[in-house]
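Take a look at the structure set out below.
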Amino acid sequence: MRKNIVAGNWKMNKSLAEGIQLAKDVNVAVEAAGALKCDVVVAPPFLHLTEVSKVTGPKVSVSAQNCAAEASGAYTGEVSAAMLQSANIPYVIIGHSERRSYYGETDAILAKKADLALINGLKPIFCIGEELSQRDSGKYFDVVGQQIENGLFHLSANDFAKAVIAYEPVWAIGTGRTATAGQAQEVHAFIRKTIAAKYGEEVAGNTTILYGGSCNENNARELFACPDIDGGLIGGASLVADKFIRIVTSF
């Protein structure tokens, strides 16, 4: 079944002590909110994962922000999907726009990461999205379609159904430009249509597609009301528990 999810990506922020406190604050806020209409996920830095897991209750899941494209071996500084699985981390973000642009991660690399995540029982939150030049040139459907096809369409329908998609309009993150709810819905609908063409309407209808373009407590309600937007991958607003919980309760 298709789920609503709000996931907070902390990126490279918070000391260990600060991260533990933020996780505690989020957990308290989630518990106080009562019955929710979405699942809640937090994605702290690698160093914080096990400690954050100790202070979050059953209503808050934990995600890694990345994993290695290799199973094990002489890859200094990397963290494997198997290591995450051994620490009981259920989710992993793959292909975030910052990993693609700053670290040169290609579709082929991300396909390997998706495979390793699934082999180890992790749920990939697979990110796709176009940059400003691609949006302005009108090629955004081509870019988004190619990213999802190259990164995930080698999977069986059963494995694909375990993945969450996150659409990030990179041009609307920290650029001063904002994607409207209509623009976001247009691309989400295209993604679902693309999935349906490959795997059928049932798989497409059950796929969770998150919006990751500067979603905050002010625009979340409008975005989440769109028929093909199933939640958000939240950046800066996830670093403050009060702001994050207002997004969570926007459903």
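The values are calculated or read from the model by the stated rules, or taken from the named source; none is laboratory data. The structure presented is a predicted model; accordingly, all values stated were derived computationally and were not measured. Virtual Cβ from ideal backbone geometry, glycine too; neighbours counted across all protein chains shown.
Brief remarks on what is shown
- Residue match in region 142-153 (condition: at pLDDT 95 or above, part of a loop (DSSP other than H, G, I, E, B) and of a type outside the set (Val, Ile, Thr)): yes
- Scanning region 72-83 for residues that are closer than 12 Å to Lys112 by Cβ and surrounded by fewer than 21 Cβ atoms within 10 Å (Cβ to Cβ) yields one hit, Ser80.
- Of residues in region 30-63 being part of a loop (DSSP other than H, G, I, E, B) and under 18 Å from the mean Cα position of the chain (by Cα), the one surrounded by the fewest Cβ atoms within 10 Å (Cβ to Cβ): Lys37
- Pick from region 111-135, criterion in a helix (DSSP H, G or I) and touching a strand residue (DSSP E or B) at 6+ places or on another chain (Cβ under 6 Å), ranking: farthest from Glu168 (Cα to Cα): Ala117
- Single match in Gly145, Gly151, Gly104, Gly138 (criterion: of a type in the set (Gly, Ala, Ser) and surrounded by 23 or more Cβ atoms within 10 Å (Cβ to Cβ)): Gly151
- Qualifying residue in region 64-71 (condition: under 26 Å from Ser250 (Cβ atoms) and either at pLDDT 95 or above or surrounded by 15 or more Cβ atoms within 10 Å (Cβ to Cβ) (or both)): yes
- Pairs, first small (Gly, Ala, Ser) and crowded, with 17+ Cβ neighbours inside 10 Å in region 1-29, second at pLDDT 95 or above and part of a loop (DSSP other than H, G, I, E, B), C-beta under 6 Å, six or more apart: Gly19/Pro44; Ala23/Thr56
- The selection criterion, being in contact with a helix residue (DSSP H, G or I) (Cβ under 6 Å, 6 or more places away or on another chain) and of a type in the set (A, V, I, L, M), holds for Val55.
- All conditions but one from (1) part of a loop (DSSP other than H, G, I, E, B); (2) within 17 Å of Ala43 (Cβ to Cβ); (3) more than 17 Å from the chain's Cα centre (by Cα) apply to Gly77; the one that does not is (2).
- Taking the criterion of being closer than 15 Å to Trp10 by Cα and surrounded by fewer than 20 Cβ atoms within 10 Å (Cβ to Cβ), the residues of region 193-236 that qualify are Asn216, Gly236.
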